[in-house]
Amino acid sequence: MDLPELSVRPGLLDTVRYAAAMWEFQLLHFDPVQARAEGLDRPIVQGPLLGTYLARVLDGAGTLEHLAWRNHAVVPVDTDLVCGGSLSAGSARLWIRDGSGTTVVSGSARVRP
């Protein structure tokens, strides 16, 4: 069964809030000057924040027992993303794609009904 898709556009405020909640203050996630100094066009979204979007895709599917993901690309802030996946017999295959359709994150999960 296909899971409902989630469209998100994580912005600078999202990365700042995530940094504050996790006490993870890598400047390249919210400081444009630092991001440029590290060779990036703009700040990037934290990998674990992307993982939370995968968990949101599973909302209502059951009790999440395990979640794993792999970041395939750096995701700049203010990038349109679509998150989705499929669920079969308690096993989920998950993905996040950018506006061009490129898979930037892939993942898997185990869900108990």
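The values are calculated or read from the model by the stated rules, or taken from the named source; none is laboratory data. Given the structure is predicted, the values throughout are model-derived calculations rather than measurements. Positions of Cβ are backbone-derived with ideal geometry, glycine not excepted, and every protein chain shown enters the neighbour counts. Just the protein is used for accessible areas: all its heavy atoms, side chains included, with ligands, DNA and RNA removed. Shrake-Rupley method; radii C 1.70, N 1.55, O 1.52, S 1.80 Å.
For segment 12-94, what relative contact order do you get, as a whole percent, if you take Cα pairs closer than 8 Å and at least 6 residues apart?
Numbers: 74 pairs, mean separation 20.0, N = 83.
Rounded, it is 24 percent for segment 12-94.
How much of the accessible area of the chain, probe 1.4 Å, is carbon plus sulfur, in whole percent? It would help to have the intermediate numbers written out before the result.
Numbers: 3400 of 6500 Å².
For the chain, the apolar C and S fraction of the accessible surface comes to 52 percent.
Within segment 71-90, which residues have the backbone N less than 13 Å from the label spot 7 Å out from Met22 along Cα→beta-carbon, could you tell me?
Correct set: 71, 75.
Once the piece of chain linking Asp80 and Asp2 is laid out straight, how much longer is it, given 0.36 nm per residue of separation minus the C-alpha distance between them?
That works out to 26.0 nm of additional length.
Which length gain, in nm to one decimal place, applies between Ala73 and Thr102 when the Cα-Cα distance is subtracted from 0.36 nm times their residue separation?
Working: separation 29, 0.36 × 29 = 10.44 nm, distance 0.92 nm.
Length gained between Ala73 and Thr102: 9.5 nm.
Given C-alpha coordinates of segment 23-113, what is the ratio Rg to Rh with the Kirkwood estimate of Rh?
Details: Rg = 14.7 Å, Rh = 14.0 Å.
Checking Rg against Rh, the ratio lands at 1.05.
Label Arg112 and Thr52 with points 7 Å out from Cα along Cα→Cβ: what is the distance between them in nm?
So the label points at Arg112 and Thr52 sit 2.5 nm apart.
Over the chain, give the accessible area per residue in Å² for a 1.4 Å probe, as an integer.
So the chain comes to 57 Å² accessible per residue, rounded to a whole number.
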